[in-house]
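Here's the structure we're looking at; comments come further down.
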Amino acid sequence: MRDSEPSNLELTTRIDLSADLGEGFPNDRDLLRLVSSASVCCGFHAGDVTTIGETLHAAREARAVVGAHPGYPDRESFGRRERPASAAEVERLIVEQTEVLWELAREQGLEIRFLKPHGALYNQAQREDAIGLGVVAAAERLRLPLVGLPESGLAMLAADRGVGFIPEGFPDRGYRADGTLLPRGEPGAILHRPAEIADQALRLVRSGRVQTLCIHGDEPAAVANAEAVRDALERSGVAIRSVMG
């Protein structure tokens, strides 16, 4: 606990707290007791049927809202290596992966409520029209709202097509001055101290630009990070509720 917390947030403020899960890391069950939504891997950039099934089962027990988290089929780089792709290729990739997850979710009595691309696919979609158009077309076809960076190219493409868009912030990632994420590998791209991560979560909520906050489940300190964020939000009067449905 820190000695003091910002106190100027409205008591009626509400935020979704999510985590990227199902990727084969050991923290899924513990994270699901702290978050309100889970972006679940579809088994292409990481994870497998068993791991994903266990995560979905835990999500049902925790009453967390579940979304699809498709990425490039690139296990070697954990789906974080950018690549060229056409809009049609991206749409097909996302639809195929989400349909796989949908079948696994049905076995657990769950619905898929949102779509959030993973890794390089996520980052390219924010700024490259071809990738973004493919992501938006997939969301439209799947009838799912999209999660992405606020005021990004993807946000504008989604608005043009009438696709629901949920702006997202990252308490555990560093930002450039223009609001884009620092590329992984650059100094300050990954925040490591839970207190620093909690402070950034509060700044993001206070900005009014995001509706969901994401904790990366592959980080070794993911549970401590989520605990720090949840504690800071609740102590500041911020209700943690899914906005995904």
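Here, each number is a calculation from the coordinates, and none is a lab measurement. Quick caveat, the model's predicted, so the values are computed rather than measured. We place every Cβ from the backbone using ideal geometry, glycine too, and count neighbours over all the protein chains shown.
Summary of values
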item	result
Contour excess over end-to-end distance, with Cα ends at Thr13 and Trp102 and 0.36 nm allotted per residue	28.9 nm
Euclidean distance of C-alpha centroids, region 204-227 and region 26-61, integer Å	16 Å
Residues Ser207 and Glu82, FRET efficiency given R0 of 22 Å [Cβ-Cβ distance, rounded to 0.05]	0.20
In order through region 232-242: 3J(HN,Hα) via Karplus (6.51 cos²θ - 1.76 cosθ + 1.60), integer Hz, x for Gly, Pro	5, 5, 5, 5, 9, x, 9, 7, 9, 9, 5
Inter-part distance where region 86-122 and region 139-179 are each reduced to a Cα centre, Å	16 Å
Gly174 long-range amide H proximity, modeled H, under 5 Å	Leu182, Ile190, Leu191
Length-normalised contact order for region 173-223 - Cα pairs under 8 Å, 6+ apart - percent	21 percent
Where N is the number of residues in region 85-130, Cα Rg divided by 2.2 N^0.38 Å	1.31
Coarse-grained scattering of the chain at q = 0.11, 0.14, 0.16 Å⁻¹, given as base-10 log I(q)/I(0) from a Debye sum over alpha-carbon atoms	-0.52, -0.86, -1.16
Stokes-Einstein D (µm²/s) once Rh is taken as the Kirkwood radius of region 143-245 over alpha-carbon pairs, at 37 °C in 0.692 mPa s	227 µm²/s
Stretchable slack from Arg184 to Glu54, in nm (0.36 nm times residue separation minus alpha-carbon distance)	43.9 nm
Region 14-240, relative contact order [Cα under 8 Å, separation at least 6], %	21 percent
Crossing angle, helix 194-207 versus the chain [Cα axis fit, 0-90 degrees, rounded to tens]	80 degrees
Order by protection proxy (mean Cβ within 10 Å, highest first), peptides 178-187, 192-201	192-201, 178-187
Region 189-234 - Kirkwood radius from inverse mean 1/r over Cα pairs (Å)	10.7 Å
Region 125-245, relative contact order in percent, only Cα pairs under 8 angstrom and at least six apart counted	20 percent
Spin-label proximity, Ala62 to region 217-245 - amide N less than 11 Å from point 7 Å beyond Cα toward beta carbon	217, 223, 226-227
